[in-house]
Amino acid sequence: MRKKIAVLPGDGIGPEVTQEGVKALKAAAARFGHDFRFAEAEVGYAAYDSSGTCLPADTLALCKESDAVLFGAVGIPARDPQTPPADRPEMAALLPLRQKLGLFANLRPAVLFPFMVDATSLKPELVEGGLDIMVVRELLGGLYFGEPKGREGTGATERAVDSMIYTAGEIERIIHTAARVAMKRKKRLCSVDKANVLATSQLWRDVATRVLQQYPDLEVTHMLVDNCAMQLVRSPRQFDVIVTENTFGDILSDEAAMLTGSLGMLPSASLGEGAFGLYEPVHGSAPDIAGLRLANPIATILSAGMMLRYSFGMEREADAVDAAVALTLGSGARTRDLAPDSKNGLSTDEMGSRIAEAIVDQRGL
């Protein structure tokens, strides 16, 4: 099968980790006889320096003509004070990219392998046997996109406003997405809101309750976001699929990531109505370690696996990527973030090569 994949490395460690994601995809293509074509384009400050914009028209066009996008990371915090907020990569590249591509559903799995329970900061008895939680985050509504938005005035009267806005239709489609995901897992779905305070959350709970009546096989719970944040570190195994709005999802998925021991372990898929998707690690650009070969590429490699599963419908190939990561970690291989006391941690490319080799040759699996 032939597929065209847009690769947007971005800033900081983005180029290093996307290189390993491409390596994994090439390994899967070689093993299963596919033809993956890769085309690279600039995004973030890397694009801003060469073209004066964080999301060039050519980059957006490449994404639209591709079957999927592998995205690295954007942003360099040290440059932000000299850059107007509207021109920074998060506002000028990442959010518009999601909006223009119609990517409303963000799937963020947080998996803690049983043999890595020592990597998490939680007590061993809370994570014994490992964890497997999926956070489904609404991606195109809420505070990030609502209008009015901005700052006005000066001195003591200066004010800022962000608007949290949701329509019933936006809530319906993300609840349906989460329900379909939950039906393929353990059939447990927790809808998270702040319905005791926020009008948008009251609408969210009403719509979620109505929509989920269409899924009688699901075990459904509703939870306030502050309680959910506490329960994730108090009793994480109670969760299977969590669905929530944009801002809450951003925060809770990062918290869930740390249950796995490192942000470098958390992949994501941003999906729309069809098969097209954008796949990226949840970690940031980490410019402090850029170029040092210290970044953990596993989140990007697992994101590549999600591309195979959700955009290309290649279940065997996706399973091979997931199995290769588990096999490699099970052999004791670790990057520095997973073994901070070890001086023998693998470099970014060494870990990527180990996993690529395991994708091609998985004897014993």
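The values are calculated or read from the model by the stated rules, or taken from the named source; none is laboratory data. Quantities reported herein were computed from a predicted structural model and do not represent experimental measurements. Cβ atoms come from the backbone with ideal geometry, glycine included; neighbour counts cover every protein chain shown.
Some observations on this one:
- Within the option set Val136, Val211, being within 17 Å of Leu103 (Cα to Cα) and at pLDDT 95 or above holds for one residue only, Val136.
- Contacts under 7 angstrom Cβ, first residue in the range 39-56 being crowded, with 18+ Cβ neighbours inside 10 Å, partner among the basic types (Lys, Arg), 6 or more apart: Tyr45/Arg79
- Thr209 meets the conditions (1) over 19 Å from the mean Cα position of the chain (by Cα); (2) free of Cβ contacts under 8 Å to residues at least 12 places away in the same chain; (3) in a helix (DSSP H, G or I) in every case but one. The failed one is (2).
- Any hit, the range 3-10, residues being over 18 Å from the mean Cα position of the chain (by Cα) and either part of a strand (DSSP E or B) or surrounded by 16 or more Cβ atoms within 10 Å (Cβ to Cβ) (or both): yes
- Among the residues of the range 212-257, those identified as of a type in the set (D, E, K, R), without any contact (Cβ under 8 Å) to a residue 40 or more places away in the chain and closer than 18 Å to Lys186 by Cβ are Asp217, Glu219.
- Residues in the range 129-152 that are assigned to a loop (DSSP other than H, G, I, E, B) and among the hydrophobic types (A, V, I, L, M, F, W, C): Leu139, Leu140, Phe145.
- Helices (runs of 4 or more DSSP H) contained entirely in the range 224-321, each with at least 3 residues that are modelled with pLDDT under 95 and within 22 Å of Leu95 (Cα to Cα): 246-259
- Those residues of the range 197-206 which are in contact (Cβ under 8 Å) with a residue 12 or more places away in the chain, part of a helix (DSSP H, G or I) and out of contact with any strand residue (DSSP E or B) (no Cβ under 6 Å at 6 or more places or on another chain), in sequence order: Thr200, Leu203
- Restricting Ala323, Ala318 to those that are in contact with a helix residue (DSSP H, G or I) (Cβ under 6 Å, 6 or more places away or on another chain) and outside the structural domain of Leu139 (by TED's automatic domain parsing) reduces the list to Ala318.
- Matching residues in the range 201-223 - criterion: being over 30 Å from Leu95 (Cβ atoms) and not aliphatic (A, V, I, L, M): Gln213, Gln214, Tyr215, Pro216, Asp217, Glu219, Thr221
- If you go through the range 100-128 and keep only what is assigned to a loop (DSSP other than H, G, I, E, B) and in contact (Cβ under 8 Å) with a residue 24 or more places away in the chain, you end up with Leu101, Gly102, Leu103, Phe104, Phe113, Thr120, Ser121, Leu122.
- Of residues in the range 86-109 being more than 21 Å from Gly14 (Cβ to Cβ) and touching a helix residue (DSSP H, G or I) at 6+ places or on another chain (Cβ under 7 Å), the one surrounded by the most Cβ atoms within 10 Å (Cβ to Cβ): Ala105
- Top-ranked residue of the range 54-99 - restricted to ones that are assigned to a helix (DSSP H, G or I), charged (D, E, K, R) and within 26 Å of Leu25 (Cα to Cα), ranked as nearest to the chain's Cα centre (by Cα): Arg98
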